[in-house]
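A quick write-up on the structure given underneath.
The values are calculated or read from the model by the stated rules, or taken from the named source; none is laboratory data. Treat the numbers as computed from the prediction; the structure is a model and nothing was measured. Cβ coordinates were reconstructed from backbone atoms using ideal geometry, including for glycine residues, and neighbour counts include every protein chain displayed. These area figures cover heavy atoms from the full protein model, side chains too; ligands, DNA and RNA do not enter into them. Shrake-Rupley method; radii C 1.70, N 1.55, O 1.52, S 1.80 Å.
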Amino acid sequence: MPIISKVGTRSWQVRALYAAIFAVLILGAVTMVYPFLLMLAGSVKSEADSADIAPYPRFWFDDTVLFQKYIESKYNVRVQTAEAAWWQPSAGWRSIQPPKTDGTEFLDEYLVWRDTCPWWTLGHTGGARLLPINARLFRHVMYERFHGDLDSFCRKMELPVKSWSAVIPPPYPAGRYPAQHDGYVGAFNDFANTRPVQDRIIPNLDGEYWRNFLTPRYTSEIEQYNRGHDTHYASYQEIFLPNRAPAAGLPRKDWEEFVRKDLKLEFIRLDPSLAGPYRQFLSQGVYRDIDELNRRYQTSFRSFGEIPFPTTVPTDRTTQVDWERFIRGINACPLEAIEIYGPRQAFEEFVAHRRGTTPEKVASLRLPIPQADYHDMLMHSRALRWEFTTRNYKDVFEYVVLHGRGILNTLIYCLLAIGSAVLVNPLAAYALSRYKLPHSYKILLFCMATMAFPAEVTMIPVFLLLKRFPLWPLAGGITAFFAMFWLVKKLWPRLVETIQMTLALGVALLVGGWLIPTLVYKPTVSLLNTFAALVLPNVANGFFIFLLKGFFDSLPPELYESAEIDGANEWIKFWHITMSLSKPILAVIALTAFTQAYSAFMMALIIIPDSKMWTLMVWIYQLQTQSHLAVVYASLVIAAVPTFVVFTLCQNFIIRGIVVPVEK
């Protein structure tokens with residue numbers, strides 16, 4: 001029966017009341033939906049847009065924000081790397097804007113040439129505790145190559161990783177020496193060669209000269225540089241790194257120090273005329289005799305004159321060290337014999353060849369890297385939006401799947417928790433409901449009192465009990481109780497049942513409390529790292545027993561009387577009558593047990609030290625401690641999906657479990 005009749009709804013006061021009620025409900029829904037949308041939007045963010053507060057990801061509709069995220073991801077969340085490649089300063093990812101069109105004159109030629117450029121590193125490989133696409137795909141390649149055998153991977157690659165989630169691309173060497181193309185680095189290089197050309201980071205030596213040498217020495221103000229060099233540059237972006245050393249002055253000293261000490265060896269070329277000074281350097285400044293050199297080089301030269309002179313960086317690391325020492329030597333290696341040859345010089349030769357002129361006539365060219373990056377973003381904007389939207393969720397899924405048996409452990413734990421909750425609690429509630437014990441009220445009061453203590457209070461006692469669980473005393477005591485009760489029934493059948501049970505209980509206490517602990521050397525067992533440790537502490541629930549007893553009391557007693565007339569025993573009355581009529585309330589208990597088991601974290605972490613037995617929530621917590629905040633949001637969204645699905649599919653049972661007891 002409705003509270004307000006149809007006639008009453010015709011008045012404007014009632015309609016105004018209805019409007020106010022719906023307005024309040026809508027406002028309440030908005031206050032719940034808006035924070036949820038903020039979390040969804042936050043789950044797809046990164047450093048570039050982490051400060052945006054909006055209920056939707058801005059990069060879905062704004063190309064500028066998408067470009068900022070693309071640059072952040074490509075340059076591995078390292079602003080200094082992006083600054084050096086672009087050859088321009090940046091105040092952060094949010095300050096990056098689409099490049100101007102005045103540098104697009106050579107863009108088409110650059111897009112063709114970069115595919116042949118031998119100097120590059122792979123982008124989208126990591127940074128800021130995120131997992132970009134190339135880092136994720138490299139892990140997939142390694143996983144498939146070794147068929148998921150982590151031990152085989154560790155032996156082959158000589159890496160002491162403990163899980164597949166620790167397999168990440170190797171860092172690019174920070175020093176002057178080129179990376180060795182063997183082992184783990186070689187495997188990554190093979191993978192990098194399969195990735196598209198737009199994922200490559202091509203070094204800009206002019207930008208590195210400005211970013212890593214001139215700015216630290218002369219500050220970021222060009223006026224400071226101009227005063228020291230007696231020049232009139234408008235910005236550092238006008239100062240190119242010459243191929244050869246300048247004629248004289250401070251620019252020559254800067255060039256010499258940068259090339260001799262900082263520039264990567266792969267960009268240095270030496271004149272062939274230095275073969276004699278190089279061999280002299282080895283014989284007089286490094287090795288005492290040819291035998292010492294042969295032992296270190298593992299060669300068999302008869303004299304220093306047979307040693308080949310490399311004009312470019314050697315492949316062997318030992319030779320690289322000596323070659324680098326020779327370049328550092330001011331007296332050994334003349335500055336005029338050193339030449340720089342890098343991406344800009346190779347690009348200038350490419351442009352000159354296509355245009356039928358000489359490299360000197362097209363020098364010096366600014367590498368159109370910003371324009372190429374923007375072009376790549378526009379050409380792959382749809383794929384990039386999908387990647388940035390799903391990246392963090394893929395990270396969470398892979399972490400959970402690759403770690404132990406988190407999903408399987410959670411599934412088993414939830415099923416055991418639901419099964420024990422809908423079996424043990426109904427048995428206790430049925431006994432309190434069917435048998436009118438003189439102390440039923442006190443028992444119910446005790447059950448309700450268990451809800452007054454938070455779970456944190458019982459963690460330590462439960463942990464100690466599970467660590468030294470009295471399994472054999474309990475088993476012996478229960479066995480002694482039933483055996484003694486059966487024996488008393490046989491010997492003294494007319495004895496009052498209360499006395500019979502008291503005698504059986506006394507024997508059980510004697511056997512379990514004294515006899516077995518005395519005879520057995522170790523009467524306790526440890527239940528830690530078992531499903532029993534997860535399930536047993538929550539098998540009996542005071543609130544469930546109280547709720548079920550009230551529901552069982554509402555069932556008509558005539559049903560049980562009819563069953564007794566038909567000869568039904570107590571088990572049939574419990575299982576076929578009580579449990580059949582209690583499906584709605586049992587569904588509510590099952591859902592509550594599922595929620596408690598699925599969301600259990602702290603207790604599961606304490607009583608399950610072995611990571612192989614960890615549940616999903618423990619693994620998600622571990623992920624959150626080592627991931628970006630956006631990944632944390634994504635993990636929360638994924639963790640909420642099973643509960644949301646279960647409650648959505650079972651909402652009718654929940655309503656029936658709430659309404660049916662009231663109606664009865």
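Convex hull volume of the C-alpha atoms in the stretch 42-173, normalised per residue: 162 Å³. Membrane-span-like helices in the chain (whole DSSP H runs, Cα extent of at least 24 Å along the helix axis, mean Kyte-Doolittle hydropathy of at least 1.6): 12-42, 629-649. Using bins of 5 Å that start at zero, the share of Cα-Cα pairs per bin across the stretch 253-399 amounts to 2, 8, 13, 13, 12, 10, 9, 8, 9, 7, 6, 4, 1, in whole %.
Averaging the sequence gap over all C-alpha pairs within less than 8 Å and six or more residues apart, then dividing by the number of residues, gives the chain a relative contact order of 16 percent. Take the Cα of E257, step 7 Å toward its Cβ, do the same at S554, and the gap between the two points is 8.6 nm.
Compared with the rule-of-thumb size 2.2 N^0.38 Å for a compact globular protein, the chain has a Cα radius of gyration ratio of 1.47.
Summarising the label geometry, the points placed 7 Å from Cα in the beta-carbon direction at R288 and V161 lie 4.5 nm from one another.
Normalised by 2.2 N^0.38 Å, with N the number of residues, the alpha-carbon radius of gyration of the stretch 204-339 equals 1.26.
For the stretch 578-631 and the stretch 280-347, compute the distance between their C-alpha centroids and round to whole Å. Here the two parts' Cα centres lie 63 Å apart. In the complete set of protein chains, residue-level accessible area for W472 is approximately 130 Å², probe 1.4 angstrom. Solvent-accessible area of E144, all protein chains in place: 130 Å² (probe radius 1.4 Å, heavy atoms, ligands and nucleic acids excluded). With the simple spin-label model, which puts each label point 7 Å out from Cα in the Cβ direction, the L636 to W120 separation comes to 4.0 nm. Counted residue by residue at 0.36 nm each, then reduced by the alpha carbon distance between them, the extension gain from A51 to L250 reaches 67.3 nm.
In a simple Cβ point-charge model (Lys, Arg +1; Asp, Glu -1; nothing else charged), the stretch 150-296 has a dipole of about 320 debye relative to its Cα centre.
At a probe radius of 1.4 angstrom, the accessible area of the chain per residue rounds to 55 square angstrom.
If you take all C-alpha pairs in the stretch 113-159, what percent of them are over 18 Å apart? Provide the component values of the computation, followed by the final result.
Values: 547 of 1081 pairs.
Here the long-distance tail beyond 18 Å is 51 percent of all Cα pairs in the stretch 113-159.
With the cut-off at 23 Å, tell me which of the pairs K162/K522; K442/K583; K261/K361; K74/K156; K436/K549; K467/K522 have Cα atoms farther apart than that. Mind dumping the intermediate values first?
Numbers: K162/K522 35 Å; K442/K583 27 Å; K261/K361 30 Å; K74/K156 29 Å; K436/K549 12 Å; K467/K522 13 Å.
Going by Cα-Cα distance, K162/K522; K442/K583; K261/K361; K74/K156 fall outside the 23 Å limit.
Given axes a ≥ b ≥ c from the Cα gyration tensor, I'd like to know whether the stretch 427-478 is rounded (a/c under 1.5), prolate (a/b larger than b/c) or oblate. Taking the square roots of the gyration eigenvalues as a ≥ b ≥ c, the stretch 427-478 is oblate.
Report the rotationally averaged projected area of the stretch 377-454 based on its alpha-carbon convex hull, in square nanometres. Kindly include the intermediate steps, with their values, before the conclusion.
Values: hull surface 38.6 nm².
For the stretch 377-454, the mean projected area of the Cα convex hull comes to 9.6 nm².
Averaging 1/r across all pairs of distinct Cα atoms in the stretch 526-664 and inverting the result yields a Kirkwood radius of 18.0 Å. One chain, two ends: E144 and W492. Fully extended at 0.36 nm per residue, the span grows by 118.1 nm beyond their Cα-Cα distance.
Computed over protein heavy atoms with a 1.4 angstrom probe, the accessible surface ordering of T194, T104, largest first, is T194, T104.
Estimated at 0.36 nm per residue, the fully extended path between R355 and L509 surpasses their Cα-Cα distance by 45.3 nm.
With 23 Å as the limit on Cα-Cα distance, the pairs of K100/K264; K100/K394; K69/K394 that go past it are K100/K264; K100/K394. The figure for H380 is an accessible area of roughly 70 square angstrom, using a 1.4 Å probe on the protein chains alone. Spatially, the stretch 190-224 and the stretch 401-478 are offset by 63 Å when compared through their Cα centroids. In this structure, F309 and T31 have a Cβ-Cβ separation that, at R0 = 60 Å, corresponds to a calculated FRET efficiency of about 0.20.
Given in Å, the Rg to one decimal and the Dmax to the nearest whole number for the Cα atoms of the stretch 12-99 are 20.6, 71.
Counting only helical runs of four or more DSSP H residues, what would the 222 nm mean residue ellipticity of the chain come to if each run contributes -39,500 (n - 2.57) and the total is spread over all its residues? Don't jump to the answer; show the numbers that get you there.
Numbers: 32 runs with 374 residues, N = 664.
When only DSSP H runs of four or more count, the value is -17500 deg cm²/dmol.
Each Lys and Arg adds +1 at its Cβ and each Asp and Glu adds -1 at its Cβ; summed about the Cα centre, the chain shows a dipole of about 2240 debye. Ordered from largest to smallest accessible area (heavy atoms of protein chains, 1.4 Å probe), the residues V424, V24, V637 come out as V24, V424, V637. Using the alpha-carbon positions of the stretch 573-616, Rg (one decimal) and Dmax (whole number) come out as 15.8, 44 Å.
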